[in-house]
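J.: I'd like to ask some things about the structure below.
The values are calculated or read from the model by the stated rules, or taken from the named source; none is laboratory data. Keep in mind the model is a prediction, meaning the values are calculated, not measured. Neighbour counts run over all protein chains shown; Cβ positions are idealised from the backbone, glycine included. Protein only, heavy atoms only, side chains kept; ligands, DNA and RNA dropped before computing areas. Shrake-Rupley method; radii C 1.70, N 1.55, O 1.52, S 1.80 Å.
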Amino acid sequence: MGFFITFEGIEGSGKSTQITLLRQALERAGHVVLQTREPGGCDIADQIRRILLHPQNTALEPTAELLLYAAARAQHVCEIIRPALQQGHIVLCDRYTDATLTYQGDGRQLDRQLISQLNYVATQETSPDLTMLIDLKVETGLGRAFAREIDLQDSSEGRFEREEIAFHQRVREGYLKLAAAEPHRFRQFDGALSIDLLAAKIEKTTFDFIAQSKGQL
Ligand code: TMP
């Protein structure tokens, strides 16, 4: 089996930039890497992503939203993540089950037990070996996310960015709690660091983890 590494954080935390930099560093070192994201990562899940993130879909019910995340994940795990891990590749995924616990659990305040059950059904225990949490103040993250929307002139995925500040605050705190509860899996980083410094820290953490895991085999 390969290694499964997920990236988590609030909007604008810089995870998408960092995941790409880590993929490039791993590839330079000769690893075969699959970079993917949730919701999405394959055609069917990408179609679900468009429903989930479109700002016009304000009528989407929280429970329907939760089930759509689970459906997208079930497809993504079966079609993309598990086969890549079985081939011994390193899978880097931008968000995964922790995002459902924080956004639908802490943010929307849906039942955590139900979320955990759906996460289990969707993943069948395909769980991350390592999770990089990039922590950042909500105001800074949302500022970056809106600036990016304006830069790209693309507002087709901004449904969550339009949530109130308190929602994002609950999500941030939810992530910090998850990280504190599972210190063996989570590594926490300061999203206010420069891109290069943060990338160097994430790279070192990853290479140390791979070396240590290989040593244990
Ligand atoms: P991103 O690709 O910019 O990270 O956007 C994905 C959005 O979807 C982000 O606002 C977080 C949200 N999300 C959930 O609410 N629950 C989930 O399970 C996942 C994977 C993402």
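J.: When you scan region 1-77 for helices (runs of 4 or more DSSP H) that lie fully inside it, which ones turn up with 3 or more residues that are closer than 30 Å to Asp196 by Cα and among the polar types (S, T, N, Q)? Spell out the reasoning first.
T.: Working: elements: 15-28, 43-53, 62-76.
Where helices (runs of 4 or more DSSP H) fall fully within region 1-77 and carry at least 3 residues being closer than 30 Å to Asp196 by Cα and among the polar types (S, T, N, Q), they are 15-28.
J.: Which one of the conditions (1) more than 13 Å from the ligand (Cβ to nearest atom); (2) within 29 Å of Phe146 (Cβ to Cβ); (3) exposed (fewer than 15 other Cβ atoms within 10 Å of the Cβ) does Gly88 fail to meet, given that it meets all the rest?
T.: For Gly88, the exception is condition (2).
J.: Find the residue count for region 134-145, including only residues that are more than 12 Å from the ligand (Cβ to nearest atom), touching a residue at least 60 places away in the same chain (Cβ under 8 Å) and more than 30 Å from Phe209 (Cβ to Cβ). Talk me through it step by step, then tell me what you get.
T.: Residues of region 134-145 that are more than 12 Å from the ligand (Cβ to nearest atom), as a first pass: 135-140, 143.
Still in the running and touching a residue at least 60 places away in the same chain (Cβ under 8 Å): 135-136, 138, 140, 143.
Restricting the remaining residues to those that are more than 30 Å from Phe209 (Cβ to Cβ) gives 143.
Summing the residues that are more than 12 Å from the ligand (Cβ to nearest atom), touching a residue at least 60 places away in the same chain (Cβ under 8 Å) and more than 30 Å from Phe209 (Cβ to Cβ) in region 134-145 gives 1.
Residue-by-condition table, conditions (1) buried (at least 22 other Cβ atoms within 10 Å of the Cβ); (2) within 15 Å of the ligand (Cβ to nearest atom); (3) among the polar types (S, T, N, Q):
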{"position": "Gly9", "(1), (2), (3)": "yes, yes, no"}
{"position": "Ser13", "(1), (2), (3)": "yes, yes, yes"}
{"position": "Cys42", "(1), (2), (3)": "no, yes, no"}
{"position": "Arg49", "(1), (2), (3)": "no, yes, no"}
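J.: Starting from region 40-59, take each residue that is within 13 Å of Arg162 (Cβ to Cβ) and list its partners that are within 11 Å of the ligand (Cβ to nearest atom), counting only C-beta distances under 6 angstrom and pairs at least six apart or across chains.
T.: What qualifies is Leu53/Glu157; Leu53/Arg159; Pro55/Gly158; Pro55/Arg159.
J.: Just give me the residues in region 15-35 being in contact (Cβ under 8 Å) with a residue 40 or more places away in the chain and either open to solvent by 30 Å² or more (accessible area, probe 1.4 Å) or within 11 Å of the ligand (Cβ to nearest atom) (or both), in sequence order. So that I can check it myself, show each step before the final result.
T.: Step one: of region 15-35, the residues in contact (Cβ under 8 Å) with a residue 40 or more places away in the chain are 15-19, 21-23, 25-26, 29, 31-35.
The answer is Lys15, Ser16, Thr17, Ile19, Leu21, Arg23, Ala29, His31, Val32, Leu34, Gln35.
J.: While we're here: May I ask you to say which residue of Thr131, Thr100 is out of contact with any helix residue (DSSP H, G or I) (no Cβ under 6 Å at 6 or more places or on another chain), open to solvent by less than 10 Å² (accessible area, probe 1.4 Å) and either within 13 Å of the ligand (Cβ to nearest atom) or not basic (Lys, Arg) (or both)?
T.: Details: Thr100 fails: out of contact with any helix residue (DSSP H, G or I) (no Cβ under 6 Å at 6 or more places or on another chain).
Answer to the selection: Thr131.
J.: Here is a further query. Within region 110-123, identify whether any single residue is open to solvent by 50 Å² or more (accessible area, probe 1.4 Å), over 22 Å from Ile51 (Cα atoms) and under 17 Å from the mean Cα position of the chain (by Cα), and answer yes or no.
T.: yes
J.: Follow-up question, since we're still on this one. Just the residues that are closer than 22 Å to Tyr96 by Cα and open to solvent by 60 Å² or more (accessible area, probe 1.4 Å), please, taken from region 186-203.
T.: Just the residues of region 186-203 that are closer than 22 Å to Tyr96 by Cα, to begin with: 186-191, 198-199, 201-203.
If the condition is that a residue be closer than 22 Å to Tyr96 by Cα and open to solvent by 60 Å² or more (accessible area, probe 1.4 Å), then Arg187, Gln188, Asp190, Lys201, Glu203 are the ones that fit.
J.: Could we say that Ala74 is crowded, with 18+ Cβ neighbours inside 10 Å and within 13 Å of the ligand (Cβ to nearest atom) here? Break it down stepwise before answering.
T.: Working: crowded, with 18+ Cβ neighbours inside 10 Å: no; within 13 Å of the ligand (Cβ to nearest atom): yes.
No: the conditions fail for Ala74.
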